[in-house]
1. With the requirement that a residue be of a type in the set (A, V, I, L, M, F, W, C) and free of Cβ contacts under 8 Å to residues at least 12 places away in the same chain, what does the range 289-305 give you?
2. Within the range 365-374, work out how many residues are part of a helix (DSSP H, G or I) and either in contact with a strand residue (DSSP E or B) (Cβ under 9 Å, 6 or more places away or on another chain) or touching a residue at least 12 places away in the same chain (Cβ under 8 Å) (or both).
3. Can you tell me which residue is surrounded by the fewest Cβ atoms within 10 Å (Cβ to Cβ) among those in the range 313-364 that are assigned to a loop (DSSP other than H, G, I, E, B) and in contact (Cβ under 8 Å) with a residue 40 or more places away in the chain?
4. Tally up the residues in the range 279-312 that are part of a loop (DSSP other than H, G, I, E, B) and either surrounded by fewer than 17 Cβ atoms within 10 Å (Cβ to Cβ) or not assigned by TED's automatic domain parsing to the domain that holds Leu331 (or both), please.
5. In the range 187-203, what residues are aliphatic (A, V, I, L, M) and crowded, with 18+ Cβ neighbours inside 10 Å?
6. Checking Ser127 against (1) at pLDDT 55 or above; (2) part of a helix (DSSP H, G or I): exactly one of these is not met. Which one?
7. Can you name every one of the helices (runs of 4 or more DSSP H) wholly within the range 1-104 that holds 1 or more residues which are free of Cβ contacts under 8 Å to residues at least 12 places away in the same chain and of a type in the set (Asp, Glu)?
Amino acid sequence: FPVLVENPEQAPELVRRLEAEEAINLVPPPNDPNASTFGEAVVIVSIPPDFQNSLASTGGGSVRLITSDNSLITNFGAATVRGVLDAYNEELLDQRLADAGLTRAWLRPITIDEGRRARTETLAEVSNQAAGDASTEEDEGGGNILATIFLPLAVTSWLLGGGLGLILDTTVGEKERQTIENLLVTPASRMGIVLGKLTVVFMASFAVMGVWLLEGLLLNAVSLAAPELLVGANASPAEAARLLGESTTGLAGLIVQLLVLIVPFTVILNGLVMAWCAYAANYREANLVMALIQLGLPASVILTIFSLPPDVGLGFYAVPFFGTIVAIRDLFSDTLTPAGLLVHSVTALTYAGLSTGFAAWMFGREWSLTRGLQ
């Protein structure tokens, strides 16, 4: 990035650091300042004429960064210059503290060490841990509020972008196209028809969720490995791949548990929607319920997350719909127990079977399939 430094003689050490930065190319001032203030530069580092005296007398100085425009390259250049200035500022601070016989702890007398009590941890163990008892395993910190709120909302919202639209086309859409009569005369069982339609819808839903899940895992791996990748800016592709691989350690178990929670929930939702769409007379009736689902599902997630306590009983995992939301919340907050996962899995599979059976029953009623036909 071409960078212009004004009054470089006032900060020779800063100029040396800017020259040492590989991403920065210091350029001379333009020959005609009246024609172009920036010249080749995209960023100007304006150093005051009394910068050295200000550092020596008052202990502080101000450096101004001026960008030529708001383009992406210019912002990257300004961020690079800002990083050099921050590093130089931190070194000056350490030097002044060392000259005064102080450390950085003097600047922050009280530090906050947050943690979360484990389910099996007693009050005495928590007190010993706070007192620095080495026999107690240290907690890595409290739950991530972003994970416990946003991720359950995102996961449940994936269901809305999957195959729900396909359900409308394969049910009430056949009524609109006057092709529902084929279901009335076919010798195939209604259960087989429903299972076939649900399989197609589930494959579409799972394909969409799979793409979003892979995207989320990739973004998560990049975010976790970003600090090390920035430190090793010149790392080889193999080294960068190794860092990304290390950042995904432990995600396999999370994915498996997430699939155990999502798959039955998807079947339940698709079965209920298919039953209603088989009964609906037209797209208007079907879209009414679809709109309620699209609005009610995220709202229910937010309501459940903020209304229910963090420690719910095992029985709550067996509650239809809300049990899945709580299980996903507890999974991302690392509080979902194996017993809770087992209870939810058994009950969710039962609800999935009932939902599929209800859709098949609705398809087996002539008054349902012929409703709305002219």
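1. From the range 289-305, those of a type in the set (A, V, I, L, M, F, W, C) are 289-293, 295, 297, 299, 301-303, 305; that's our starting set.
Result: Ala291, Leu292, Leu295, Ala299, Leu303.
2. The initial filter retains those residues of the range 365-374 that are part of a helix (DSSP H, G or I), namely 366-369.
From what's left, either in contact with a strand residue (DSSP E or B) (Cβ under 9 Å, 6 or more places away or on another chain) or touching a residue at least 12 places away in the same chain (Cβ under 8 Å) (or both): 366, 368-369.
Looking only at that region, the number is 3.
3. Step one: filter the range 313-364 for residues assigned to a loop (DSSP other than H, G, I, E, B), giving 313, 319-321, 333-337, 364.
Add one more test, that the residue is in contact (Cβ under 8 Å) with a residue 40 or more places away in the chain, and what stays is 320-321, 333-337, 364.
Working: Pro320: 15, Phe321: 17, Ser333: 20, Asp334: 14, Thr335: 17, Leu336: 19, Thr337: 12, Gly364: 16.
So, considering only residues that are assigned to a loop (DSSP other than H, G, I, E, B) and in contact (Cβ under 8 Å) with a residue 40 or more places away in the chain, the one surrounded by the fewest Cβ atoms within 10 Å (Cβ to Cβ) is Thr337.
4. From the range 279-312, those part of a loop (DSSP other than H, G, I, E, B) are 280-282, 308-312; that's our starting set.
Still in the running and either surrounded by fewer than 17 Cβ atoms within 10 Å (Cβ to Cβ) or not assigned by TED's automatic domain parsing to the domain that holds Leu331 (or both): 281-282, 308-311.
Of the residues in the range 279-312, 6 are part of a loop (DSSP other than H, G, I, E, B) and either surrounded by fewer than 17 Cβ atoms within 10 Å (Cβ to Cβ) or not assigned by TED's automatic domain parsing to the domain that holds Leu331 (or both).
5. Our first condition is that a residue be aliphatic (A, V, I, L, M); within the range 187-203, this holds for 188, 191, 193-195, 198, 200-201, 203.
Hits for the range 187-203 are Ile193, Val194, Leu198, Val201.
6. (1)
7. On the way: elements: 12-20, 51-57, 72-99.
By residue number, 12-20, 72-99.
The values are calculated or read from the model by the stated rules, or taken from the named source; none is laboratory data. Quantities reported herein were computed from a predicted structural model and do not represent experimental measurements. No Cβ is skipped: glycine too gets one built from the backbone with ideal geometry, and neighbour counts run over all protein chains shown.
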